[in-house]
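Okay, so here's the structure we're looking at.
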Amino acid sequence: MTIEIVGTRINDPDGKEPSGSFPFFYARTENPSWNADVDLFVIPVGMIAELDSVPGLDAPVFAYGKAESLEYAFASGCMDYLREPWTREELESRARARFLIALRGVSGRVQATPDGLSGPGGKVPLTTGEWKTLRLLLANRTNSVPRDAIARLLGAATETGSRAVEMTISRLRRKLRTAAGSPSWRAIRCGRKRGYRLVEQVVDNF
């Protein structure tokens, strides 16, 4: 997972941190590279206003600052907020809680991160669209997610006759079965009005 930290330094060397199966790679800068291949941006609370001028920002944002700015940060769409002073360990713990999903598969637990799935059947990579779709299904797991909502997420809402949603769901099902080591596992079901629903129970958020 690549985290871009803007405007501050934490007391650890740059580079990949060997954090088990969920490693972190840090990039530090004074000016965010909004279009970079980054999984998470960590920005000072004073920079939140810039988010409105960033078109098509895909990566989530953590903000940091004084405790009194917490409500403003969440109201502005930030995924999480770090009260100063904060540490690398706190950041990584929050990132794991937000990004690492675990589902109960037929043969054991299947974990999902932005990089892919892992379970009894091995490791399976995920595309950005597949990861986003899985996250959306997770967030709405008690309800069916309309096909149009997934299409907008994938940037296919205006494409007449597009099969992007069906293809993405099909690949996700196949990859979940592979990671679970179970050819018959169906974690994603069709719901009412052509929606989709994640029917398997979430075991943990780390």
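The values are calculated or read from the model by the stated rules, or taken from the named source; none is laboratory data. The model shown is predicted, which means the values in this text are computed figures rather than measured ones. We place every Cβ from the backbone using ideal geometry, glycine too, and count neighbours over all the protein chains shown.
Annotations for the structure displayed:
- Flag for Ser107 being modelled with pLDDT under 85 and surrounded by 15 or more Cβ atoms within 10 Å (Cβ to Cβ): no
- When we screen Gly65, Gly121 for residues that are buried (at least 17 other Cβ atoms within 10 Å of the Cβ), in the same structural domain as Trp185 (by TED's automatic domain parsing) and modelled with pLDDT of 85 or more, the only hit is Gly121.
- In the stretch 194-206, residue surrounded by the fewest Cβ atoms within 10 Å (Cβ to Cβ) [restricted to those that are touching a helix residue (DSSP H, G or I) at 6+ places or on another chain (Cβ under 8 Å) and modelled with pLDDT of 60 or more]: Arg194
- The residue of the stretch 166-193 that is nearest to the chain's Cα centre (by Cα), among those that are farther than 17 Å from Ala149 by Cβ, modelled with pLDDT under 85 and surrounded by fewer than 15 Cβ atoms within 10 Å (Cβ to Cβ), is Arg186.
- Scanning the stretch 139-165 for residues that are touching a strand residue (DSSP E or B) at 6+ places or on another chain (Cβ under 6 Å) and modelled with pLDDT of 75 or more turns up Ser144, Val145.
- Odd one out for Arg94, checked against (1) at pLDDT below 85; (2) not assigned by TED's automatic domain parsing to the domain that holds Tyr26: (2)
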